[in-house]
1. Which one of the conditions (1) at pLDDT below 90; (2) open to solvent by less than 10 Å² (accessible area, probe 1.4 Å); (3) touching a helix residue (DSSP H, G or I) at 6+ places or on another chain (Cβ under 6 Å) does Asp110 fail to meet, given that it meets all the rest?
2. Could you list, in sequence order, the residues of the stretch 304-331 that are polar (S, T, N, Q) and surrounded by 20 or more Cβ atoms within 10 Å (Cβ to Cβ)?
3. How many residues are open to solvent by less than 10 Å² (accessible area, probe 1.4 Å) and modelled with pLDDT of 85 or more if we restrict to the stretch 181-196?
4. From the list Pro354, Pro378, exactly one residue is of a type outside the set (A, V, I, L, M), in contact with a helix residue (DSSP H, G or I) (Cβ under 6 Å, 6 or more places away or on another chain) and surrounded by fewer than 22 Cβ atoms within 10 Å (Cβ to Cβ). Which is it?
5. Looking at the stretch 124-141, I want the residues that are assigned to a loop (DSSP other than H, G, I, E, B) and have a partner that is aliphatic (A, V, I, L, M) and open to solvent by 30 Å² or more (accessible area, probe 1.4 Å) with Cβ atoms under 7 Å, at least 6 apart or on another chain. Which pairs are those?
6. Sort out which residues of the stretch 197-244 are open to solvent by 40 Å² or more (accessible area, probe 1.4 Å) and β-branched (Val, Ile, Thr), and write them in order of number.
7. Within the bounds of the stretch 307-315, is there any residue that is in a loop (DSSP other than H, G, I, E, B) and among the acidic types (Asp, Glu)?
Amino acid sequence: MWALNQLILGFLPVLLSVVGCAVIPLERAFPLNGRVELSQLVARDQVRHSRILQGFVGGVVDFSVQGASDPYLVGLYFTKVKLGSPPREFNVQIDTGSDILWVTCSSCTDCPQSSGLGIQLSLFDTASSTSARMVSCSDPICSSEFRTTATQCSQSNQCSYSFQYGDGSGTSGYYVSDMLYFDAVLGQSLIANSSAAIVFGCSTYQSGDLTKTDKAVDGIFGFGRGDLSVISQLSSRGITPRVFSHCLKGDGSGGGVMVLGEILEPGIVYSPLVPSQPHYNLMLQSITVNGQLLPIDPAVFATSSNRGTIVDSGTTLAYLVQEAYDPFVSAITAAVSPSATPIISKGNQCYLAPTSVNEIFPSVSLNFAAGASMTLKPEEYLIRSGFYDGATMWCFGFQKIQGEITILGDLVLKDKIFVYDLAHQRIGWANYDCSLSVNVSITSSKDFINEGQLSVSSSTRDLLFKLIPLSFITPLLQLLEFVEFQFL
């Protein structure tokens, strides 16, 4: 009996030390066969940047728009979350550039009733959820240390908020505490239906672009660095690690995966986050084309309250400050001459390529602090924009920005694993086929599972998970109680 007791006691730390990670499937907001105008994408990103920059000290920075109206393929990603009791599903845009998770309330005024994305819109009704709780003005999230937006008290003592964006659009509502439901991956075939109370926004009013039906979703899922982001709320209570990851599929039907945990890949390189910044700022230091360093003053990439380099999954394209954009274009043009013909199409720098771009165009490296480089293939800085005179026309996906913020959007984030390691204040990345399953860490010791197939490493701990089904855990604990009772 003593031996059995020791065996059970030895197994329990293994069981209890596992940190669950939530795995979230992603979907592309617009199908790849959908065609939109390039100018529409740039305009969408400008609206997006107005939202990002609202949090900067000194006010909103307005960005000039450049681009062409040629159609091209869109990468806008969203996922489903389950909220309330009983749980209801909501489609929310994945957004690493903001903090708050908010969904549309049933009492919302002037909110979209349908979506051009082919999804059914849902409304959150606090009265229909048995676990919903209004957040009062005395709650700590209404105190100044948690405020990231205009937080105020209503006459009914509800903690409310108002986001006003630079383009004139906005949303307002009140904070709610309710249950978030997710699948926690614990090990080989161990997927627990988990839930946790979180605070999120219930939007009662929307204006501007948020009211448009063509790209309407139920809300926005903010994965920013603030205290009110879901990743901050869950990790502060030990429910998930202080790390999340995504892999966004760039071709085919799109989609991908986002993990509230760490995706493991041997080739990942890391660069430190710039401290004391509200967004995911990295220290971009230089750009090379075909291994040749471009003549760019590193000072143009320096970080301050309204300048720097931001990683943002909510931006479709990529944006470079003028001092970096001009030498970048010049270097590419020189490298492809005379194999590709440079042309200007509706104000955008484009090229006519008679053969595959991989045979003509050079690789590009964005070089960050700590020696971390991000290598871009031609498809990660160019966009296919149709045909002209029998040749394929490729245009620059990087846009010149009349400001001091360099923004790396889905154009460069796609087809890569990205790890946002908040515990160590760094971001890592590696090229990856995001149609494949990924290895996900389930403990701080780097034991892992394979998300998708859920195959595991051959460590002793993983072997225990492989051999002992989840249904056996409860009887195991009951047996432990009985054994301990016998020896009292």
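1. (2)
2. Matches in the stretch 304-331: Thr309, Ser313, Thr315, Thr316.
3. The number of residues fulfilling the criteria is 1.
4. One residue alone meets the criteria, Pro378.
5. Taking only residues 6 or more apart or on different chains, the pairs are Ser131/Met179.
6. Matches in the stretch 197-244: Thr211, Thr213, Ile239.
7. Yes, the stretch 307-315 has at least one match.
Table: residues versus (1) open to solvent by 60 Å² or more (accessible area, probe 1.4 Å); (2) acidic (Asp, Glu); (3) farther than 30 Å from Val274 by Cα.
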| residue | (1), (2), (3) |
| --- | --- |
| Thr333 | no, no, yes |
| Cys350 | no, no, yes |
| Asn358 | yes, no, yes |
| Met374 | no, no, no |
| Cys395 | no, no, yes |
| Glu404 | yes, yes, no |
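The values are calculated or read from the model by the stated rules, or taken from the named source; none is laboratory data. Note that this is a predicted model, so its numbers are computed, not measured. Note that we place each Cβ from the backbone using ideal geometry, even for glycine, and neighbour counts take in every protein chain shown. Side chains included, ligands, DNA and RNA excluded: accessible areas come from the protein's heavy atoms. Shrake-Rupley method; radii C 1.70, N 1.55, O 1.52, S 1.80 Å.
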